[in-house]
1. Nearest 100 Å² is fine: what is the total accessible surface buried where chains A and B meet, probe 1.4 Å?
2. Rounded to whole Å and sorted largest first, list the principal axis extents of the Cα atoms in the range B:104-143.
3. Taking the Cβ of A:G283 as the center, what net charge do the other residues with Cβ under 12 Å away carry, scoring Lys and Arg +1 and Asp and Glu -1?
4. Taking H as built 1.01 Å from N, whose amide H comes closer than 5 Å to the amide H of B:V65, not counting residues under 5 places away?
5. Specify, per residue and in Å³, the volume enclosed by the convex hull of the alpha carbon atoms belonging to the range B:41-183.
6. For the range A:12-93, what is the convex hull volume of the alpha-carbon atoms per residue, in Å³?
7. Using a 1.4 Å probe, what is the accessible area per residue for the range A:68-183, in Å²?
8. Of B:A102, B:A48, B:A128, which is farthest along the charge dipole of the range B:34-166 in the positive direction, counting Lys and Arg as +1 and Asp and Glu as -1 at C-beta?
2 protein chains.
Amino acid sequence: MSRLPVPTMPAPPVCVVGLGQLGGSLAAALVAAGRPVTGWDTDPAARAAAASRGVTIGRELSGVVVLATPIPALGTALDDLQVDGDATVTDLGSVKAPVLAALGARFGTRFVGGHPMCGTERSGHAAADPELFRGARWAVCLEPDTELPRWLRVAELALAVGAEVVPVTAREHDDAVAAISHVPHLLAAALAAAAADAGPLALGLAAGSFASGTRVIGSDPAFVTAMVEGNAGPTAAALAAVRAQLERPWPELVADGHAVARRAGDHRTLRVPLDRAALLALGRAGGAVSRRLAAFVEGWVPEEPAASTAP
Amino acid sequence: MSRLPVPTMPAPPVCVVGLGQLGGSLAAALVAAGRPVTGWDTDPAARAAAASRGVTIGRELSGVVVLATPIPALGTALDDLQVDGDATVTDLGSVKAPVLAALGARFGTRFVGGHPMCGTERSGHAAADPELFRGARWAVCLEPDTELPRWLRVAELALAVGAEVVPVTAREHDDAVAAISHVPHLLAAALAAAAADAGPLALGLAAGSFASGTRVIGSDPAFVTAMVEGNAGPTAAALAAVRAQLERPWPELVADGHAVARRAGDHRTLRVPLDRAALLALGRAGGAVSRRLAAFVEGWVPEEPAASTAP
């Protein structure tokens, strides 16, 4: 594969605000990848845990600033911190249109929304894991006015920790996660509640297998409720779509469901130019940027075309 | 723990008809537990695989005869085989009332229905695993006319391979598995079909996490369709119950679902007398017989009272 003879520049600094499970994992993963990371958390224990993993604790933020707090805290996460006027700001929240509305108003086109599709039932800095993002898909929002160089900076961060980047608009993201993440939480809750109504015998027979099937429920109902209510419109629409499916004859429904599960394994690798339309088309086709964008020049011309996969 | 000074007798012979994943696993697990097993399958390759695991291949069946074929083949599974007139007959099918109607008419009170709550996406003798049943719950049907000594023979078999026995009637079983197993298959199919309708972007973002969430779909739609249609009444009722749950306000629904998931971890150990009413009460309370019934005397008086757990 030939490489363009472009001069390289060092990667911009990365700052992570909020050092719980997601932020702590990201900071640790970047340190493991040899990247200097500045971090901050209002909790001294979270700061100490991050410092022990090689994160520099500080309040002066520049380069790419990752807001890794819960969504309700995004608005105050930067209070008492100094943020460079040219910093690119991103977040890790599970819903993107409301966050874009709030942070876009504050940071303009310096804001690029993001959402790594990972995380576990656990939370807090003790659950930080530098391998958390490996193989995960990470939505990075590409709106009509997003500055492509800033989008590339955020995408590069995701690739650096082993994730694959899905270029997507905030609205498309929210519709998609309603279907694949938020509705499954509601279905799991409805299934568990209905099984409990069916009586202890049902739960007793389910011991084991049912517990893993309802793992998606997780451990914090307040978090799940905030998530589905924070994406209420798309989640209600996606739930209605599932309910419509459930009215179909079972043989058709089962056959279609299986066909989707089988398709999920297909993929191929192709090259995609780094322009907005081509990147969004890749995401809409089910693909992701999967290879590292290695060179840092004005506007982030990569050493090689972005290699991408589509299912 | 004091033991009753009862004489012991050797366990009755076990015969397994159908040596695919479930039957092959059971035969292998019993051999591993030091029990002589006779097996039969119409497929010479399945017979050879079982023989290589120490199963005696033969057509003369006595003791406990386990029918481990798919439900549609149960009626012809014993064609060309010689079954002792006093043999206890059991099965491993995922629905119990229709099987009881068919095999109860043929074998009378010698038939005791069973259903181990395990199995994977794989099938066939190559998927046999002697550890398949360890820790699984195994429903063993106790109808008003079931002969308790025969029920105990089947229960002992399940305990011998590491399962826990849930005493249950066929009808109660079918209602319970509709709620915990058959409806989840339909929900998973509806979720996958709706996500596919939402477009490739949704499936692309779901890569990985969604695949595990839809694992319940398995690999054989015909098998799933036969399962839900074979338990159509209870499955339709359980599906209606889930749909009713989905009409509730999300915060209530999520809170209730989480409460069920939390409860699933609770358990305690107690002793239960070996009589029909006490055993069925244990099952209805969500419990299972978890300890081996070790002594074999007339009527299977155990060396110690059955130890049982309830969630």
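The values are calculated or read from the model by the stated rules, or taken from the named source; none is laboratory data. Bear in mind the structure is a predicted one, so any value in this text is a computation, not a measurement. Methodologically, a virtual Cβ is constructed for each residue, glycine included, from the backbone with ideal geometry; neighbour enumeration extends over all protein chains shown. Accessible surface is based on the protein model in full, side chains and every heavy atom, while ligands, DNA and RNA are left aside. Shrake-Rupley method; radii C 1.70, N 1.55, O 1.52, S 1.80 Å.
1. Values: alone 15240 and 15260 Å², together 24700 Å².
Chains A and B together bury approximately 5800 Å².
2. Ordered largest first, the range B:104-143 gives principal extents of 34, 21, 16 Å.
3. Numbers: positive: A:R137, A:R276, A:R284; negative: A:E164, A:E172.
Taking every other residue near A:G283 into account, the sum is +1.
4. B:C15, B:T88, B:V89, B:T90
5. On the way: hull volume 16.2 nm³, N = 143.
Per-residue hull volume (Cα only) is 113 Å³.
6. Working: hull volume 6.4 nm³, N = 82.
Given the Cα convex hull of the range A:12-93, per-residue volume reads 78 Å³.
7. Working: 4090 Å² over 116 residues.
Value for the range A:68-183: 35 Å² per residue.
8. Most positive-ward Cα: B:A128.
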